[in-house]
Amino acid sequence: MMFSGNYSHDSKIGQGKGVWDSGYRFWEEAAARAYNREPTLRRGFFGNFLTDVPATNTFVVLGDDNKPLTDAKVALHVAISREYGNGRFDAQPDFTGTTDADGKWSLNRSPWRVIMNWTSNGAVQFVVTPKEGEQRVGFLNICDFNLAYWRGHTKNATLYVVTKKVSEVRR
């Protein structure tokens, strides 16, 4: 979960103690960095995180045993939504390409074409067709891109996409 904790009920701790989160909070790296990104602003996923994405993103597409999938066709689908939640992927990919001999494919831009102020389009789906074998699918989240950017990889980041066979996902 990108943001957790019960910050909206902080003033009521005591009244709902035991019901609400009234103990110590532990934040994973993406949430901690997000809170520190703009400490004076209200938190939430309002599209502003779609701006903190490396200029070039190199994806290493991994198959079984985390081995790179070479010469595989990649179709990248960005989740879209017109409301807060219920994101979906269009049948037509937003971008396509082919991995190289090292299983890498680069996109020289952000995957997001539009930065919406209120939406939940932070997911990216990779539909991968290997040279041989079954079609595969993998996902990344906006947090993967944000962490790379916040760690200083603003110009180019390498992101690893773990894929599974489609038949395994549909079980």
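Within the stretch 51-80, being in a loop (DSSP other than H, G, I, E, B) and more than 15 Å from the chain's Cα centre (by Cα) holds for Ala55, Gly63, Lys67, Leu69, Thr70, Asp71, Ala72. In this structure, does Thr154 turn out to be outside the structural domain of Ala32 (by TED's automatic domain parsing), β-branched (Val, Ile, Thr), surrounded by fewer than 17 Cβ atoms within 10 Å (Cβ to Cβ) and more than 30 Å from Ala32 (Cβ to Cβ)? So Thr154 fails the test. Within the stretch 67-89, the set of residues being closer than 21 Å to Asn141 by Cβ and surrounded by fewer than 11 Cβ atoms within 10 Å (Cβ to Cβ) comprises Glu83, Gly85, Asn86. Just to be sure, is Pro111 part of a loop (DSSP other than H, G, I, E, B), touching a strand residue (DSSP E or B) at 6+ places or on another chain (Cβ under 7 Å) and free of Cβ contacts under 8 Å to residues at least 40 places away in the same chain? No; evaluated as a whole, the condition is false for this residue.
Arg88 meets each of the listed conditions (1) under 20 Å from the mean Cα position of the chain (by Cα); (2) among the basic types (Lys, Arg); (3) at pLDDT below 60 apart from (3).
The values are calculated or read from the model by the stated rules, or taken from the named source; none is laboratory data. Just so we're clear, the structure is a prediction, and the values are computed from it rather than from any experiment. Counting neighbours? That spans all protein chains shown, and the Cβs are built from the backbone with ideal geometry, glycine included.
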